[in-house]
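Q: Structure incoming, see below.
Derivation of every value follows stated rules applied to the coordinates shown; laboratory data play no part. Only a predicted model underlies this, so the values are computations on that prediction, with no experimental measurement involved. Positions of Cβ are generated from backbone atoms using ideal geometry, with glycine treated the same way; all protein chains shown enter the neighbour counts.
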Amino acid sequence: MVSSSSASDTTGPVHAPASQQKKRIFLVGSTGYIGKFVVRELVARGHEVVSFARERSGVGASATAGQTKKELKGSEVRFGNVSDMDSLLNEGIRGEHFDVVVSCLTSRTGGIKDAWNIDYQATRNTFDAGIAAGAKHFLLLSAICVQKPILAFQRAKLKFEKELIESGLTYSIVRPTAFFKSIAGQVESVKKGKPFVMFGDGELTSCKPISEADLARFMADCLEDPAKQNKILPVGGPGKAISVREQAEMLFELLEKEPKFKRMPIRMFDVIIPVLSLLAKIFPKLEDKAEFARIGKYYCSESMLVLNPETGKYDPDATPSYGSDTLRDFYGRVIKEGLKGQELGEHAMF
């Protein structure tokens, strides 16, 4: 088992000093929710960034090449396919030297085939391309939920993490807790007067949500801080861990509405998952539907915090805090401005 090292508690963004050596960086997953912020942060710190992206990117492949270049302004955008090694080498690396490879890749749906194709194989392809380019450091965006792996995407991420650690290359594996957007899905419905939907009493899970900008700053720090290298780095946002019920109460308070809840039984998954799993043996196309049900149960029953392997319990005190963006401020902004830029993407529902 791979041991993890905690990130240092930090309250506020940390930028590189002016004398920091500029690095040449090859970045994949650049158009994702976190990736585009990592690109902007690295460019702001003076690094030379080459962003590798699909010709059509974004939710539903709606963004054109021109829009992608505009969104990733300051970096050189090259187009190709991370799942194709020849494309990575010929259209991405182009026989050039890079100091660092940054991967913000993640499967869009969490489906079984998608997870192994992206969370493992495409990430592995990127690693191999980086080695060919002479890179000495691989910065990986992973996820804190891989601590208790029961899902395909978790196993795929862990397989690559293990290979990266054993490769001998300098690495930084960043495992963030929940993102702000992942707990913003009910803002609009609550604004319209609908109840907040939660499982059980809303105290089953907790997290230390982190903003995309703070996470991007933390990842950029990994290239400059030796203490964040050759380590697994769990990281959350500022403040104490917050339960689902506390998130809801904060939202109602900011909306100046009386709290109204709709409780769902977590045990519903214990009926849905076996049925879909059985049907998937007869109808293979349902295999991902069963996996999505397992994903749903996981996120409704497991906290996004550091897991104490000795007690088997999640430990909020052991989950490092970083940054200055708070969930309260995020909710306040979304209430006023809406969820533009916080779209959840191509997530399938069972």
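Q: Could you bin all the Cα-Cα distances of the chain into 20 Å bins starting at 0 and give me the percent of pairs in each, rounded to whole numbers?
A: Per 20 Å bin, starting at 0, the Cα pair percentages come out as 29, 60, 11, 0.
Q: Hey, which aspartates and glutamates would be in cross-link range of LYS208, C-alpha to C-alpha under 18 Å, not counting anything within fewer than 8 residues on its own chain?
A: Here the aspartates and glutamates satisfying the reach criterion relative to LYS208 are ASP9, GLU246, GLU249, GLU302, ASP315, ASP317, ASP325, ASP329.
Q: Turning to a different aspect of this structure: Suppose a student asked you for the relative contact order of the range 119-184, using Cα pairs under 8 Å spaced at least 6 residues apart; what percent would you report?
A: Once divided by the residue count of the range 119-184, the mean separation gives 44 percent.
Q: Let me spell out the model: positive unit charges on the Cβ of Lys and Arg, negative unit charges on the Cβ of Asp and Glu, origin at the Cα centre of the range 147-242. What dipole size does that give, in debye rounded to 20? Don't skip to the answer; put the middle values down first.
A: Working: 15 positive and 11 negative charges, 66 e Å.
So the dipole magnitude of the range 147-242 works out to roughly 320 debye.
Q: In whole Hz and in residue order, list the ³J(HN,Hα) couplings for the range 100-105 that follow from phi through the Karplus curve 6.51 cos²θ - 1.76 cosθ + 1.60, θ = phi - 60°; x for Gly and Pro.
A: 9, 10, 10, 10, 10, 5
Q: Here's something else I'd like to know. Rounded, prolate or oblate for the range 200-327? Axes are the square roots of the Cα gyration tensor eigenvalues, ordered a ≥ b ≥ c, and the cut-off for rounded is a/c under 1.5.
A: oblate
Q: Let me ask something else. Starting from the amide H of TYR322, placed 1.01 Å from N in the peptide plane, find each other amide H under 5 Å away whose residue is 5 or more places distant or on another chain.
A: Long-range HN contacts for TYR322: THR10, GLY236, GLY237.
Q: Can I ask one more? Based on Cβ point charges of +1 for Lys and Arg and -1 for Asp and Glu, what charge dipole magnitude is obtained for the chain about its Cα centre, in debye rounded to the nearest 20? Intermediate results must be reported in sequence, preceding the final value.
A: Values: 48 positive and 43 negative charges, 140 e Å.
Roughly 680 debye for the chain.
Q: What is the distance in Å between the Cα centres of the range 100-117 and the range 208-235?
A: Cα centroid to Cα centroid, the span is 19 Å.
Q: I'd like the Karplus ³J(HN,Hα) series for the range 93-99: coefficients 6.51, -1.76, 1.60, θ = phi - 60°, whole numbers in Hz, and an x wherever there's a Gly or Pro.
A: Here the 3J(HN,Hα) series is 5, 6, x, 8, 8, 10, 7 Hz.
Q: Still on this structure, I have one more. How high is the relative contact order of the range 242-337, given as a whole-number percent (alpha carbon pairs under 8 Å, six or more residues apart)?
A: 21 percent
Q: Give the long-range amide H neighbours of PHE199: residues separated by 5 or more places, or on another chain, with amide H under 5 Å away, using H modelled in the peptide plane at 1.01 Å from N.
A: MET264
Q: Using only the Cα atoms of the range 194-261, what semi-axes does the equivalent ellipsoid have when each is the square root of 5 times a gyration tensor eigenvalue? Give whole Å, largest first. Mind showing how you got there, number by number?
A: Details: eigenvalues 225, 35, 12 Å².
For the range 194-261, the ellipsoid semi-axes come out as 34, 13, 8 Å.
Q: Ok, one more. Could you pull out every one of the lysines with an alpha carbon less than 22 Å from that of LYS73, ignoring same-chain neighbours closer than 8 positions?
A: In chain and number order, the partners are LYS22, LYS23, LYS36, LYS340.
Q: Could you point to the residue in THR64, SER206, SER301 farthest towards the positive end of the chain's charge dipole, with +1 and -1 charges on the Cβ of Lys/Arg and Asp/Glu respectively?
A: Farthest along the dipole direction, towards plus: THR64.
Q: Quick one: putting +1 on the C-beta of Lys and Arg, -1 on the C-beta of Asp and Glu, what dipole do you get for the range 242-337 around its Cα centre, in Debye to the nearest 20?
A: 580 debye
Q: Name the long-range amide H neighbours of TYR171: under 5 Å, sequence gap of 5 or more, or other chain; modelled H, no Pro or chain starts.
A: PHE138, ASN230, LYS231
Q: Something else: Take HIS97, HIS137 and order them by how many other Cβ atoms sit within 10 Å, fewest up front.
A: Ordered by Cβ neighbours within 10 Å, fewest first: HIS97, HIS137.
Q: Considering only the chain, what is the antiparallel percent among its DSSP beta bridges, to the nearest 5?
A: On the way: 6 of 41 bridges.
Taking every DSSP beta bridge with both residues in the chain, the antiparallel ones total about 15 percent.
Q: Sticking with this one: Over the chain, what relative contact order in percent results from Cα pairs under 8 Å that are six or more residues apart?
A: Dividing the mean separation by the residue count of the chain yields 21 percent.
Q: Just how many pairs of Lys in the range 242-337 have C-alpha atoms closer than 24 Å, counting pairs that are eight or more places apart or on different chains?
A: Within the range 242-337, the lysine pair count is 9.
Q: Using θ = phi - 60° and the Karplus relation 6.51 cos²θ - 1.76 cosθ + 1.60, list the HN-Hα couplings for the range 188-199 in order, rounded to whole Hz, with x at every Gly or Pro.
A: Each residue of the range 188-199 in turn: 5, 5, 5, 4, 7, x, 7, x, 7, 8, 9, 8 Hz.
Q: Follow-up. Counting only complete DSSP H runs, which helices of the chain cover 18 Å or more along their long axis at the Cα atoms and score a mean Kyte-Doolittle of 0.5 or above?
A: Membrane-span-like by this rule: 269-282.
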